[in-house]
Amino acid sequence: PSPIQEEVIPMILDRQSVIARAKNGTGKTAAFLIPIINCIDESLPEIQALILVPTRELALQTAAVIKELAKYLKIQCMVSTGGTQLREDIMRLDKIVHIVVATPGRILDLANKRIARLHKCRFFVLDEADKLISQDFQPIILKIMDFLPKDHQVLLFSATFPQNVAGFVRMIPNIQKVNLMTDLTLKGVTQYYAFLEEKEKVACINALFSRLKIQQAIIFCNSALRVELL
């Protein structure tokens with residue numbers, strides 16, 4: 001297991017609520033999915049875990065990891081996000097579903113209509129919690145929590161925790177805190193920093209591409225104009 005998995009998996013199995021900070025690429029998704037999949041009762045035809053994410057892309061990505069980890073189990077997972085036909089979700093929820101990966105607005109709509117029944121949902125996960133506990137989403141999150149059983153576990157995962165997250169965390173009793181953000185670089189990754197004048201930047205990129213064998217690269221810019229220019 002990666003450091004975040006080593007810390008968090010035993011806590012989740014011990015039925016504790018957890019707030020965990022770790023960088024992207026450190027195995028956060030598996031840190032909550034492995035214990036959740038381990039605890040799902042396949043014979044119980046109810047939603048037992050609700051994983052909220054901010055975007056459809058992340059929902060599909062998370063569902064793909066669930067399918068891979070639960071390949072040899074009979075666990076049923078579905079994705080429910082805005083921008084898709086509500087009718088499809090209604091038909092899917094008519095069958096057995098154990099884990100739902102969803103965006104907040106859509107699952108609240110389904111819960112309000114009593115189509116998604118969350119009274120047996122033991123796990124409530126917020127992945128990229130900093131985005132989900134923003135001013136836009138937080139009232140929706142709190143309404144969703146009203147549909148959950150009293151003994152549910154809250155699992156918050158994010159790389160950053162702004163002030164609004166701290167306020168939300170205070171509402172969750174006995175939540176365990178895990179912070180693995182002390183080390184700024186990922187193991188096995190070397191980082192370099194070039195301090196340049198504005199006019200030197202394009203020349204520097206040219207120099208890097210002419211001297212290094214770069215198969216793939218991502219260049220982040222702070223404006224659309226700069227992206228067009230590059």
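The values are calculated or read from the model by the stated rules, or taken from the named source; none is laboratory data. Computed from a predicted structure; not experimentally measured. Methodologically, a virtual Cβ is constructed for each residue, glycine included, from the backbone with ideal geometry; neighbour enumeration extends over all protein chains shown. Surface accessibility is based on the protein's heavy atoms, side chains included, excluding ligands, DNA and RNA. Shrake-Rupley method; radii C 1.70, N 1.55, O 1.52, S 1.80 Å.
Observations, loosely collected:
- Selected residue [touching a Cys at 6+ places or on another chain (Cβ under 9 Å) and exposed (fewer than 11 other Cβ atoms within 10 Å of the Cβ)] from Ala224, Ala217, Ala194: Ala194
- Filter result for the condition that a residue is crowded, with 19+ Cβ neighbours inside 10 Å, small (Gly, Ala, Ser) and in contact with a Pro (Cβ under 9 Å, 6 or more places away or on another chain), over Ala31, Ala49, Ala59: Ala31
- Enumeration of residues in the stretch 160-183 that are more than 12 Å from Ala129 (Cα to Cα) and not polar (S, T, N, Q): Gly167, Arg170, Met171, Ile172, Pro173, Ile175, Lys177, Val178, Leu180, Met181, Asp183
- Residue in the stretch 10-25 that is surrounded by 15 or more Cβ atoms within 10 Å (Cβ to Cβ), modelled with pLDDT of 95 or more and within 21 Å of Asp146 (Cβ to Cβ) present: yes
- Pairs with Cβ under 9 Å, 6+ apart, first in the stretch 8-25 and in contact (Cβ under 8 Å) with a residue 40 or more places away in the chain, second aromatic (Phe, Trp, Tyr) and assigned to a strand (DSSP E or B): Val8/Phe157; Ile12/Phe123; Ser17/Phe124; Val18/Phe157; Ile19/Phe157; Ala20/Phe157; Arg21/Phe157; Ala22/Phe157
- Between Leu50, Leu44, the distinction of being touching a residue at least 12 places away in the same chain (Cβ under 8 Å), of a type in the set (A, V, I, L, M, F, W, C), under 17 Å from Arg122 (Cα atoms) and not in a loop (DSSP other than H, G, I, E, B) belongs to Leu50 only.
- A single entry from Val65, Val100 fulfils the requirement of being within 25 Å of Gln16 (Cα to Cα) and open to solvent by less than 20 Å² (accessible area, probe 1.4 Å): Val100.
- For the condition small (Gly, Ala, Ser) and either within 26 Å of Leu180 (Cα to Cα) or open to solvent by 80 Å² or more (accessible area, probe 1.4 Å) (or both), Ser80 does not qualify.
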